[in-house]
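The values are calculated or read from the model by the stated rules, or taken from the named source; none is laboratory data. In this text the structure is predicted, and so the values were computed from the model without any measurement. Cβ: placed from backbone, ideal geometry, glycine included. Neighbour counts: every protein chain shown. These area figures cover heavy atoms from the full protein model, side chains too; ligands, DNA and RNA do not enter into them. Shrake-Rupley method; radii C 1.70, N 1.55, O 1.52, S 1.80 Å.
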Amino acid sequence: MVFAIARLAVAVVALAAVAVVDFPHQEAAAIVLGVFVLWSTAVLAVARREPDMAGNPMVAAGDFALLLAVELVAPDAIGAVRLAALFLIAAHAHFQGERRGLAIAAIGSTTLVLGSVLRGDSSFDSGLMAVYEAVFILSALATSVVVGLLRTSESASRLRARGLSRRTMQAESEVRRRVAESIHDGPVQELIGLDMILSAARNAAEHGRGDEAAGLIDEARELGMRNLRALRDEIVDLGPYAFQEISFDIAIENCLPVWQRRYGFEIGVAIERIELPPEMRGHLFRIAQEAVVNAGRHAEAEAVSISLRTVGSRVELRVTDDGHGFDETGPFGAREPGHLGLASMRERAELMDGTLEIETSERGTRVLVLAPVGASGLAD
């Protein structure tokens, strides 16, 4: 809509200027510009009803055909035509992207230059005119390339953001479902059994069966401890959310017993004391958690190591395992239900303005994250 309105405004102002100013070939130029105004009005109407149609390459063809017509009937308008052409090339490159935008720029600018040649314009020295036309064509091509690249980058960023939001919502729904099922099948059922055990213990105590009551109480305590461990495991899976109060090393240390018990491998830890922003600590923990979980669930690793240190002005997180590795369609793939995988790890690294490198083979996998951190963030 903005492009269509701007096109119409340019055409209307040009027509008004030709009507007011004593302009050579005034009548012919006014007729062509009148057609341009009608064309721009029609494109505006289409943009309101069918925005996609207003971005059709045929609209660009119509724009440059009318510019060529203005140049042919009013040779003195060549400067205004070239400026308008650069505006239209930039706008069309934004909507059409790199390849189509470049094609439109090449065809449109070449057509206008050929129009000048066919017209046999002699208002400039031939050599000077050649320089002007060459600069115009190069400017048109450069404009389309730059604007097209910006559009492509913007579109890629939007797609990544949309994909991250979608995967985040999917992961959140999966976590909610899993936690609900886990609580229902675990603690809820166990608490029902605990209530029955305690009732039986009370009944035994009331009837003087002390040994039986003591045995039931011991059974109830064991049941309670088992559920306590299960709930702690669930909390570890959800991740520590108190990063305002705890450091990265404490968060990892709190998870070590659960990871070792669940996956049965040894975990080596070498973590420097580094003061990091809470959000950064959260991203680093999630990346480390993702790597450890993958090593346990999919890579069949026997040993995992986690290290965090400073390298110059950056912080380095390194997680390695001795599992069998994976390929691009393997366990880190985002297609696994409820698993953010490699895409999530990379996006978390990018949110920290950092980089993520993953090397994998039959001998194991190494996850390496480098992210900038201010010098004031280092602990004393």
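Here are a few things to note about the model shown:
- Charge dipole (debye, nearest 20) of segment 1-111; +1 at Cβ of Lys and Arg, -1 at Cβ of Asp and Glu: 320
- Rounded to 10°, Cα long-axis angle of helix 210-238 versus longest principal axis of the chain: 20
- Normalised by 2.2 N^0.38 Å, with N the number of residues, the alpha-carbon radius of gyration of segment 241-319 equals 1.08.
- For the set Met225, Met58, the ranking by accessible area, highest first and with no ligand, DNA or RNA atoms included, is Met58, Met225 under a 1.4 Å probe.
- Summing charges over neighbours of Val18, with a neighbour being any other residue whose Cβ is under 14 Å away from its Cβ, gives -4 when K and R count +1 and D and E count -1.
- Each residue of segment 275-292 is assigned a 3J(HN,Hα), and the resulting list reads 7, 10, x, x, 5, 5, 4, x, 5, 5, 5, 4, 5, 4, 4, 4, 5, 5 Hz, derived from the Karplus form 6.51 cos²θ - 1.76 cosθ + 1.60 (θ = phi - 60°), x at Gly and Pro.
- Amide H within-cut-off set for Glu316, under 5 Å, with H built and near neighbours excluded: Arg309, Thr310, Val311
- Relative contact order for segment 15-110, counting Cα pairs under 8 Å that sit 6 or more residues apart, in percent: 25
- Percent RCO, i.e. relative contact order, over segment 1-66, from Cα pairs under 8 Å lying at least 6 residues apart: 38
- Each residue was assigned an accessible area with a 1.4 Å probe, and for Arg261 the value is about 130 Å².
- At a probe radius of 1.4 angstrom, the accessible area of the chain per residue rounds to 56 square angstrom.
- Label-reachable residues, segment 181-214, where backbone N falls under 12 Å from a point 7 Å from Met225's Cα toward its Cβ: none
- Pairwise Cα distances in segment 1-59 exceed 15 Å for 50 percent of all pairs.
- Given +1 at the Cβ of Lys and Arg, -1 at the Cβ of Asp and Glu and no other charges, the dipole of the chain around its Cα centre is 940 debye to the nearest 20.
- Note on exposure: His324, His92 ranked by accessible area (1.4 Å probe, complete protein assembly) read His324, His92, with the most exposed listed first.
- Relative to its Kirkwood radius, the Cα radius of gyration of the chain gives an Rg/Rh of 1.27.
- Rounded tilt (10° steps) of 248-263 against the dominant C-alpha axis of the chain: 60
- For segment 1-124: rounded, prolate or oblate by the Cα gyration tensor [a/c cutoff 1.5]: oblate
- Taking the accessible area of the chain, probe 1.4 Å, and keeping the other protein chains in place, the carbon and sulfur fraction comes to 60%.
- Remark: relative contact order (the chain) = 10 percent; criterion is Cα-Cα distance under 8 angstrom and separation of 6 or more residues.
- Note on surface exposure: Tyr132, Tyr263 rank Tyr132, Tyr263 by accessible area, highest first, 1.4 Å probe.
- Relative to the longest principal axis of the Cα atoms of the chain, helix 126-183 runs at roughly 20 degrees.
- Estimated from helical segments only, the mean residue ellipticity of the chain at 222 nm is -24000 deg cm²/dmol, where each DSSP H run of four or more residues counts as -39500 (n - 2.57).
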